[in-house]
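Notes follow the structure.
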Amino acid sequence: MAKKSILNKKSLTFLEKYLNNASPTGYEWEGQKIWMDYLNPYVDEFITDTYGTAVGVINPEAKFKVVIEGHADEISWYVNYITDNGLIYVIRNGGSDHQIAASKRVNIHTKKGIVQGVFGWPAIHTRDRGAKEIPPKLDNICIDVGCDTKDEVLALGVHVGCVITYPDEFFVLNEDKFVCRALDNRMGGFMIAEVARLLKENKKELPFGLYITNAVQEEIGLRGAEMITQTIKPNVAIVTDVCHDTTTPMIEKKTQGETKIGAGPVISYAPAVQNKLRELLIDTAEKKDIPFQRMASSRSTGTDTDAFAYSNGGVASALISLPLRYMHTTVEMVHRDDVEHVIKLIYESLLNIKDGETFSYFEK
């Protein structure tokens, strides 16, 4: 008998709409509105801050507070320089990969609307082949919007500082692989929203306040989490982000560890991860037969976990990662089973936090 999916048609419709909407770092608000509209029936109230982090709250009157968190932004580019003959050079907004840019279509976001363009690249026939071949680099990739002069470009509404995204949209590969740009980490926002939906539909009451947090500006240094944790002042934070599938070519497992899509959520060991909270996640996974993997980080997790853990005098924090292939490309890929298992692990772990009065479990 096939297992019953926890994702329904409404969930998947929301996922596709949410992923296809552009949400570059610093410009996340349109995506946040889509997310809040979906989450609205499942929470009691919302908190937003001046930079766009959105938080749905269940039991806002409760003294003790638990955060479940993902981040809403995606990597992008900024217009940095426009040449006299109408070509556009860029700088990164987040960890954008210059090597995948060549021949990609782009959307330039202006006050007049979207201006389409392409990252041009010299034809193979014209390039010096062999040892002297020059790869795509930040200083040699440029965008062509079909203009002959700088004035034509400016007339389109394009200027220095305009943000640039890729238009690549969501699709399903071989029935169970979700593929899109910006799965890092729009999938996190989707998964925590699904946790809220399940709590509501299953009529579960929690002995603490739950803060479903979709933070901004993670891609440029965890900035949204740094801000919102000071507003919420949580006692516990369970963060979800993505990690690498290290079974694909050209990744060294001896240094990167071994994690793969389809093998379950990844639970992290790191200085920022509070040991007892991590063990609660592992105990929950084992008791509920949720497959999981382990990952070690030597200094920092590189995720919003670090921002929560070291805030407000220390917040018990843990990280559940969704394994992903081809990070920071336009064909990021995750396994549907892993998505469902992350949702289930967060959901069941919340139900496993019994002590809503003192949280003594994490203080001993």
(request) Only strands (runs of 3 or more DSSP E) wholly contained in region 36-142 count here; list those with 1 or more residues that are open to solvent by 50 Å² or more (accessible area, probe 1.4 Å) and either without any contact (Cβ under 8 Å) to a residue 60 or more places away in the chain or within 30 Å of Thr240 (Cβ to Cβ) (or both). (result) 45-48, 76-82, 87-93, 105-110, 113-120
(request) Please identify the pairs in which a residue from region 203-217 that is farther than 10 Å from Val66 by Cα and part of a loop (DSSP other than H, G, I, E, B) has its Cβ atom under 6 Å from the Cβ atom of a residue that is of a type in the set (A, V, I, L, M, F, W, C) and at pLDDT below 95, counting only partners at least 6 apart or on another chain. (result) none
(request) List the number of the failed condition for Thr330; all other conditions in (1) open to solvent by less than 20 Å² (accessible area, probe 1.4 Å); (2) over 17 Å from Ile282 (Cα atoms); (3) at pLDDT below 95 hold. (result) (3)
(request) Quick one: Gln217 ticks every box in (1) open to solvent by 20 Å² or more (accessible area, probe 1.4 Å); (2) within 20 Å of Gly117 (Cβ to Cβ); (3) in contact with a Lys or Arg (Cβ under 6 Å, 6 or more places away or on another chain) except a single one, so which number is it? (result) (2)
(request) Only residues that are under 17 Å from Phe190 (Cβ atoms) and out of contact with any Pro (no Cβ under 7 Å at 6 or more places or on another chain): list them for region 237-266, please. (result) Ile238, Val239, Thr240, Asp241, Val242, Pro265
(request) Of all residues in region 279-310, count the ones that are of a type in the set (Gly, Ala, Ser) and either surrounded by fewer than 19 Cβ atoms within 10 Å (Cβ to Cβ) or more than 21 Å from the chain's Cα centre (by Cα) (or both). (result) 5
(request) Can you tell me which residue among Ser23, Ser11 is in contact (Cβ under 8 Å) with a residue 40 or more places away in the chain, within 25 Å of Ile232 (Cα to Cα) and of a type in the set (Gly, Ala, Ser)? (result) Ser23
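The values are calculated or read from the model by the stated rules, or taken from the named source; none is laboratory data. As the structure is a computational prediction, the values presented were derived from the model and not from experiment. Backbone-built Cβ (ideal geometry, glycine too); neighbour counts: all protein chains shown. Ligands, DNA and RNA are stripped out before the accessible areas are found, and what is left, the full protein with its side chains, is counted by its heavy atoms. Shrake-Rupley method; radii C 1.70, N 1.55, O 1.52, S 1.80 Å.
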